[in-house]
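Heads up, the thing below is written out as structure tokens.
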Amino acid sequence: MLKREPQAVQAKIGNTIFFAILILSLYWDVGAYNAVDMKNLAGAVFFWLVGQLMNNYFNTILIFQNERAVFMREKANQLYGLFPYYLVKNIQELPFTIILPFVQLLLIYWGVGFSTDNLPYEFLQMLLAVFLLSHTALGMGYFISASFSSVQAATAVAPSLTLPVILFGGFFANSGSIIVWIRWLQYLSPLYYAQMAILQAQWSKGPVMG
């Protein structure tokens with residue numbers, strides 16, 4: 001991808017740096033010294049995770065629309081099947097779901113004031129959580145892309161999937177305050193699990209918001 005789409009790679013790198021600067025501007029040295037700082041720290045985590053989710057999700061919602069004709073022709077010629085195609089697409093994204101979040105986390109970790117009591121465990125747990133979230137977002141994007149043949153339909157439906165994921169991610173509403181009959185929807189949100197994993201690592205000696 002680096003050779004075939006250099007501008008796309010440069011855009012991803014630039015976006016990574018810009019987003020890190022934005023997080024540092026909003027959440028510089030919030031630490032977790034009191035209740036207000038804990039809320040700010042949780043906000044920094046959620047903001048970072050939403051950024052990772054959106055970047056990976058919207059980068060893939062038009063994959064099949066752009067490559068459908070080539071894929072269908074080569075599949076008809078029995079050059080490869082659906083699973084190898086999907087697997088290669090995921091492998092192709094590995095450098096961007098590992099290296100870029102790693103660089104971004106290096107840029108923001110000490111500036112925001114994340115816990116350093118148990119390094120590198122806390123750092124690695126954050127990296128693992130965002131890696132799994134990124135690949136879940138890729139899968140969501142591939143699902144939308146494969147479900148609609150037109151660009152207009154895919155882009156129109158895409159926000160309808162991300163909005164519930166964000167709203168039930170555990171930051172905007174506490175689990176106990178959500179109406180009982182829709183509370184289960186939070187367990188379908190990958191943001192919920194990513195945020196809980198990171199906050200558990202950050203506040204292992206105290207309560208985790210949920």
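The values are calculated or read from the model by the stated rules, or taken from the named source; none is laboratory data. As the structure is a prediction and not an experimental result, all values here were calculated from the model. Here the Cβ positions follow ideal geometry from the backbone for every residue, glycine too, while neighbour counts run over all protein chains shown.
Key figures for this structure:
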{"item": "Unmet criterion (only one of (1) touching a residue at least 24 places away in the same chain (Cβ under 8 Å); (2) outside any helix (DSSP H, G or I); (3) of a type outside the set (S, T, N, Q)) for Gly51", "result": "(2)"}
{"item": "Lone qualifier among Val36, Val45 - being in a helix (DSSP H, G or I) and touching a helix residue (DSSP H, G or I) at 6+ places or on another chain (Cβ under 7 Å)", "result": "Val45"}
{"item": "Given (1) at pLDDT below 85; (2) farther than 30 Å from Asn34 by Cα, number of the condition Asn118 does not satisfy", "result": "(2)"}
{"item": "Counted residues, the stretch 92-115 - those being under 24 Å from Val36 (Cα atoms) and either within 11 Å of the chain's Cα centre (by Cα) or aromatic (Phe, Trp, Tyr) (or both)", "result": "3"}
{"item": "Test result for Gln65, touching a residue at least 60 places away in the same chain (Cβ under 8 Å) and either surrounded by 13 or more Cβ atoms within 10 Å (Cβ to Cβ) or under 27 Å from Trp110 (Cα atoms) (or both)", "result": "yes"}
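Each row is one residue, and each column tells you yes or no for (1) among the aliphatic types (A, V, I, L, M); (2) part of a helix (DSSP H, G or I); (3) out of contact with any Leu (no Cβ under 6 Å at 6 or more places or on another chain); (4) surrounded by fewer than 20 Cβ atoms within 10 Å (Cβ to Cβ).
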{"site": "Val130", "(1), (2), (3), (4)": "yes, yes, yes, no"}
{"site": "Ala153", "(1), (2), (3), (4)": "yes, yes, yes, yes"}
{"site": "Phe172", "(1), (2), (3), (4)": "no, no, yes, yes"}
{"site": "Tyr187", "(1), (2), (3), (4)": "no, yes, yes, yes"}
